Amino acid sequence: MPGSAQQVPGGVSEDVEVSGHIIDSLLLPKVLDCITQRGGSFDILELTVGQQRKDASYARVRVHAASQGELDQIIAVIGDHGAVSINSEDCRLVAADIEGAFPEGFYSTTNRETQIRIDGNWLTVALQEMDCGIVVSADHQTARCLPMTEVAIGDLIVVGHVGVRITPEERVERGTGFEFMDSAVSSEKPKRVAARRVAEWMVETKRSGGKTLIVGGPAIVHTDSIDYVCDLIQRGYIQKLFAGNALATHDIENALYGTSLGVNLEEGDIVQSGHEHHLRAINTIRRCGGIRPAVEQGVLKSGIMFECVQHDVEFLLAGSIRDDGPLPEVITDCLVAQQKMRVGVRDVTFCLMLSTMLHSVAVGNLLPASVRVVCVDINPSTVIKLSDRGSSQTIPIVTDIEPFLRALVEEVHRLEQAG
Amino acid sequence: MTKSPPVDRLFDSPYILMCPPRFYGIEYEINPWMSRERQADHALATQQWNALFQILQSTGATIELVEPQPGLPDLVFTANAAMVFGRRCYLSRFRHQQRQGEEQHFRATLANLGFDVEELPSDFYFEGAGDALFCGETLFAGYRIRSTARSLQEIARRIDRAVICLELVDSRFYHLDTCFCPLSPHQAIWFPPAFDEYGQRVLRQSIPDLIELDETEAAAFAANAVVVGRQVVTNSGCPKLAAALRSRGFEPIETPLSEFGKAGGSAKCLTLRLDGEEAFR
């Protein structure tokens, strides 16, 4: 497109939006012409064209200029034609007219720190989460991200991009042994370095009073990595565990029968009638009334879930349609589970995702970009999916979970001994 | 989202709002026509206004009146009260402080007449039917000199109609109704130099039959016409327009409005069509 250009070195830029019948009335071409005639350039960030004659169109345009003075002049001129700098005015609020749905044109959030301009002041949006709207309190003193399902009639919802700004994305830190990690996902990278860095973060999180969340899949059990996770729980490196029915079920199956999906974890062979073990394990826990009662009754005596109960690790099990049982603690209403997870992640400062695609993506959706996330999976598509869905702060490690956890625990021990 | 308005006419006969010129005069200068050195002849202005009133009555129009107010000489220009859209009307937010006092009187009058009076945010400028005229289903709207593009975009959002914003570039033609007058859904009078190139292109593309004014008749406010049925009432001194109208089957009626021209207004500015303009669909 003529005039479209990248920002010149040393140049400045500002985003504007223009809406209405901007195609039919040639307002958009006029605005773009004004920019280029005054020596600026532009990128069209978003363009929505009305489908019918009466439908309005919308464009969001990044204006580039060589200096702030030139940019200010351009912004002033195009302002006369209805192009509004998204930072120069208060955000627009529209009261929700339907329960459980935003007004049309609502501002859709990212996971990055966001501020809105209201009554001339910039206000930081609380509970940052992607794919939500922003609701402002009636007194205009607070704002927070709000999921669509929680919209109540009368909620003041931010509409459009005007008066909304987000903190630019930070690149993954350099010179830390992780500079190779922010490029393409690859399994051909040294895992020991990665495990050492994750160990440093976990130790740092514990020392600073932060909270580490593990999001785990049943591969932790299938690959005989239970002891590593138990070790980390016992040493106080894990404060929260989010998983599905499967991780807990197979962990408990192993505790009760020594198998995981019927496979003996010591010998690696299939046990007679082993396929029934996980069902019998679930049944036992259901007869006890739950995982915690099973621990208290002395039925469940080891494993990850046992350690969670023993060490007050907050665990949250979210169900899925294919679950056996499920275990009594499994939350089967996915909106309820999502909401509990949303509350649960609020004080999390470090998140380690271990071999689970759906739960990783779900938690990635809920976490603000300020929380460091490491995703370990043998399948590159899991970590790619996380990044594709906006959790770009995620550090991917493509590897089998067992050698990674083994190295991680060794590094944690080494760091502890080093003091 | 607001509902679509009733497209059917709400009234049985043409319905017009006017304001007697009891306190009319040139008390300030907010456009190139106004000069306190060139005062209006009050008696003549009253005579001219009464003549216009009678012509409009003779077309069968019902006329409502705004109570004149001392200190608000331009209250006589009721076209700037609001933009009427069905039973809703969008109250003006005047750019000049000298006219902002008119808003409360227009608001009260329109509310008394049963309209739902809607207002724009306080930092928006919008000058009613002076800058917003329907031609067919599309609202043509003038901006830059008085109304702002953003106000017109806000109106578009509220009425759910196509709103074509036209930049006005000649300060003599500071309102759209001084340089553009829809006659029917596909016909309009206009003075092209009052618009920038984009606006000229848009109007040529949008309206099949455009009657172009020359400089002299445009400066005599030929575009500031009141259309009632096939009758088109203008200031006197617009013979070329009159001929063009006659050739299209309209009945031009000229009446002297020289004293109002001194304030930058003429026939259209002195009226607000409450039942929707002839060209509105």
Original post:
region B:145-165 to region A:389-419: how many Å between their Cα centroids?
Top reply: 57 Å
Original post:
Of B:12, A:251, how do they rank once you tally other Cβ atoms within 10 Å and put the fewest first?
Top reply: B:12, A:251
**OP:** Determine the sum of side-chain charges near residue B:109: Lys and Arg each +1, Asp and Glu each -1, restricted to other residues whose C-beta is under 13 angstrom from that of residue B:109.
**Re:** -3
Original post:
Which stretch or stretches of region A:119-147 have amide N atoms under 17 Å from the point lying 7 Å from residue B:157's Cα along the Cα→Cβ direction?
Top reply: A:119-120, A:134-136
**OP:** Taking the dipole about the Cα centre of region B:190-241, with the C-beta of Lys and Arg at +1 and of Asp and Glu at -1, give me whichever of B:213, B:233, B:193 is farthest to the positive side.
**Re:** B:233
Original post:
GNM on chain B, C-alpha springs below 10 Å: top fluctuator among B:131, B:196, B:123?
Top reply: B:123
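Under 14 Å from the Cβ of residue A:199, count the other residues' Cβ atoms, weight Lys and Arg +1, Asp and Glu -1, and hand me the total. Walk me through the intermediate numbers first.
Working: positive: A:191, A:192, A:196, A:197, A:206, A:207, A:235, A:372, A:406, A:414; negative: A:200, A:204, A:231, A:410, A:411, A:416.
Net of charged neighbours comes to +4.
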Original post:
Among A:21, B:175, which comes first, then next, by fewest other beta-carbon atoms within 10 Å?
Top reply: A:21, B:175
Original post:
Given springs between every Cα pair under 10 Å in a Gaussian network model of chain B, which of B:50, B:112, B:224 has the largest fluctuation?
Top reply: B:112
**OP:** Mean Kyte-Doolittle of at least 0.0 plus a Cα span of 18 Å or more along the axis: flag which DSSP H helices in chain B meet both, please.
**Re:** B:42-58
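Could you please rank A:25, A:88, B:258, placing first whichever residue has the fewest other Cβ atoms within 10 Å of its Cβ?
Ordered by Cβ neighbours within 10 Å, fewest first: A:88, B:258, A:25.
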**OP:** Describe numerically, in nm with one decimal, the distance between label points set 7 Å from Cα along Cα→Cβ at residue A:264 and at residue A:36.
**Re:** 7.6 nm
Original post:
Based on the Cβ-Cβ distance from residue B:201 to residue A:89, what FRET efficiency comes out when R0 is 22 Å, to the nearest 0.05?
Top reply: 0.15
Original post:
What size of dipole, in debye to the nearest 20, comes out for region A:12-85 about its Cα centre when the only charges are +1 on Lys and Arg C-beta atoms and -1 on Asp and Glu C-beta atoms?
Top reply: 220 debye
**OP:** Mind giving me the nanometre distance, one decimal, between the label points for residue A:165 and residue B:11, set 7 Å out from Cα along Cα→Cβ?
**Re:** 5.0 nm
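Expressed in nm to one decimal, what extension gain is obtained for the pair residue A:138 and residue A:150 from 0.36 nm per residue of sequence separation less their Cα-Cα distance?
Between residue A:138 and residue A:150, full extension yields 2.7 nm more.
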**OP:** Taking the dipole about the Cα centre of the protein assembly as shown, with the C-beta of Lys and Arg at +1 and of Asp and Glu at -1, give me whichever of B:13, A:106, B:164 is farthest to the positive side.
**Re:** B:13
Subject >> Using a Förster distance of 25 Å, the FRET efficiency for residue A:97-residue B:100 (Cβ separation, nearest 0.05) >> reply: 0.20
Original post:
Could you give the length gained on full extension between residue B:36 and residue B:119, defined as 0.36 nm per residue of separation minus the Cα-Cα distance, in nm?
Top reply: 26.7 nm
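Quick one: if the Förster radius is 30 Å, what FRET efficiency do residue A:416 and residue A:301 give, using the C-beta to C-beta distance and rounding to 0.05? Mind showing how you got there, number by number?
Working: r = 26 Å, r/R0 = 0.88.
With a Förster radius of 30 Å, E is 0.70.
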Subject >> Positive-end residue of A:12, A:77, A:353, charge dipole of chain A with Cβ unit charges >> reply: A:353
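Computed from the coordinates by the stated procedures, all read-outs in this text should not be read as laboratory data. Owing to the predicted nature of the structure, the values given are computational and were not obtained by experimental measurement. So basically every Cβ, Gly included, is an ideal-geometry build from the backbone, and we count neighbours across all protein chains shown.
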